[in-house]
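Everything below concerns the one structure shown next.
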Amino acid sequence: MLTSRRRFISAASAVPVLAGFQPAPKADIVALRDSTFDPWIEITAANLRHNVGEIHRRVENRPILAVIKNNGYGLGVANVARVLEPLDAIAGFAVVKLHEAMTLRDAGIRKPVLLMGPFAEGELADLAHRNIMPMVYTAIGAALDRVAARTGRPVPIHVCVDTGLGRDGVPFREASPLIKELAASRSVTFAGIMTTFSEDEGLDKEQLRRFERMTSDLTNAGATLGPRHAASSFAVFQHPDAFLDMVRPGMAIYGIYSESSFRTLGLMDLWPAIALKTRAIYVKQLQPGESAGYEKAYTATKPVWLATLPVGHADGLPRSAANRARVRINGVMYPIVASVSASHCIAEVGDEPAVKTGDIATVFDAQDGSRPDDFGAAANASVYDLIMHLHADLPRRVV
Ligand SMILES: *Cc1c(COP(=O)(O)O)cnc(C)c1O
């Protein structure tokens, strides 16, 4: 019979080796959920600050609109904003989901917040009250005027222009008429104008030409469009021409090279600010021929020690990590074997019981060889998926 997860953990807690084991101190724990064995995420505030400094130097002191969408790339949207807000280099924050924009205000964040995702007209009043700027690419001038009249608060907007990505934004050929129409509405002010690159070398150059031509035509005709911004982490590495008035990176802030080739360019020295850790819950020896994992995913060919770790695909650990990626326990890298199940994975520890229950297993952190980009590459997983798929319920500890 399969032991339930709950019974499994309480059985593990009863083993004598845990006598004297100290749970983590609770004082610095940000999330409500926490326990001794469940996996957790560590956010290194000093590394976030360092990375912002690196980006700021690279972009020659242009302001940074920090992209903290999707739960702050796994770190927690408010956790990241609280660390970054005091930095002069940070002009504001950009998210894609309305509730994240709201969360930032609830958390006391005061710098500008740009909502780069959808909203309904009925939500404009909430944006006005919370001082959240929407990204706009349709003719909503009349609605903006109505909300301004009703709330007494005009809503500044960023216009999004589609120069070739084909995702959202007004098609660049229709941008001028739209902007003129929006500008005719009494309450409308432009706080910025933006586009998003396709991250295709050739098309990016053409997109930049389209964007610059369109914005300079409008500016020459007397329009005040606000800062032009386009550069994600990719362009911060690849396209100095696209730094424009403000940059808009996400991944680089978290200390992760979005492309492995960027790591050796020497342009920015990024330090990972996110770590995923857990504690071994069970260590056992298998005899030759004995198996581990559903459907006998692993079979021992010699006496071997395995450590069970309570982190699985439901937490965001990619299934593809099994038989590819490694975890670090007590400074030693051990392969993840068998398969990744919902709440568990298994590390192969070797001939000796070198790991004991309660030892910390690091899935990734800032150490070379264990960086999120290293783990992602080993697991054959995009590092964007790796950190954005970390379950929002996992406790986050800012250290
Ligand atoms: C996610 C996103 C960014 C940041 O991208 P990174 O690759 O993480 O730097 C910038 N702009 C838009 C519109 C985005 O959706």
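I want to confirm something. Restricting to the range 197-228 and keeping residues that are in contact with a strand residue (DSSP E or B) (Cβ under 7 Å, 6 or more places away or on another chain) and part of a loop (DSSP other than H, G, I, E, B), which single residue is surrounded by the fewest Cβ atoms within 10 Å (Cβ to Cβ)? Filtering first and then ranking leaves 224.
Candidates in the range 36-90 are the residues that are aliphatic (A, V, I, L, M) and out of contact with any helix residue (DSSP H, G or I) (no Cβ under 8 Å at 6 or more places or on another chain); of these, the one that is farthest from the ligand (Cβ to nearest atom) is 46. I'm trying to understand the selection: among the residues of the range 283-330, which are open to solvent by 60 Å² or more (accessible area, probe 1.4 Å) and of a type in the set (Lys, Arg)? Selection gives 284, 296, 302, 319, 324, 326. For the range 156-175, the count of residues that are more than 15 Å from the ligand (Cβ to nearest atom) and part of a loop (DSSP other than H, G, I, E, B) is at least one.
Within the range 230-267, restricting attention to residues that are more than 12 Å from the ligand (Cβ to nearest atom), out of contact with any strand residue (DSSP E or B) (no Cβ under 9 Å at 6 or more places or on another chain) and in a loop (DSSP other than H, G, I, E, B), which residue is farthest from residue 90 (Cα to Cα)? It comes out as 265. Of everything in the range 143-175, what is at positive phi and without any contact (Cβ under 8 Å) to a residue 40 or more places away in the chain? Give them in sequence order. Those that are at positive phi and without any contact (Cβ under 8 Å) to a residue 40 or more places away in the chain: 152, 166, 169. Can you tell me how many residues within the range 88-137 are assigned to a helix (DSSP H, G or I) and of a type outside the set (D, E, K, R)? Qualifying residue count, the range 88-137: 12.
Is one or more of the residues making up the range 188-196 part of a helix (DSSP H, G or I) and more than 16 Å from the ligand (Cβ to nearest atom)? Checked the range 188-196: no residue is part of a helix (DSSP H, G or I) and more than 16 Å from the ligand (Cβ to nearest atom). Taken over the range 91-104, the criterion of being away from the ligand (no atom under 13 Å from the Cβ) and either more than 27 Å from residue 50 (Cβ to Cβ) or free of Cβ contacts under 8 Å to residues at least 12 places away in the same chain (or both) is satisfied by 98, 99, 102. Of the residues screened, residue 242 is not one that is at pLDDT 95 or above, open to solvent by 10 Å² or more (accessible area, probe 1.4 Å) and of a type outside the set (S, T, N, Q).
The values are calculated or read from the model by the stated rules, or taken from the named source; none is laboratory data. Fair warning: this is a prediction, and the values are worked out from it, not measured in the lab. Counting neighbours? That spans all protein chains shown, and the Cβs are built from the backbone with ideal geometry, glycine included. To get the accessible areas, we keep the full protein, side chains included, count just its heavy atoms, and leave off ligands, DNA and RNA. Shrake-Rupley method; radii C 1.70, N 1.55, O 1.52, S 1.80 Å.
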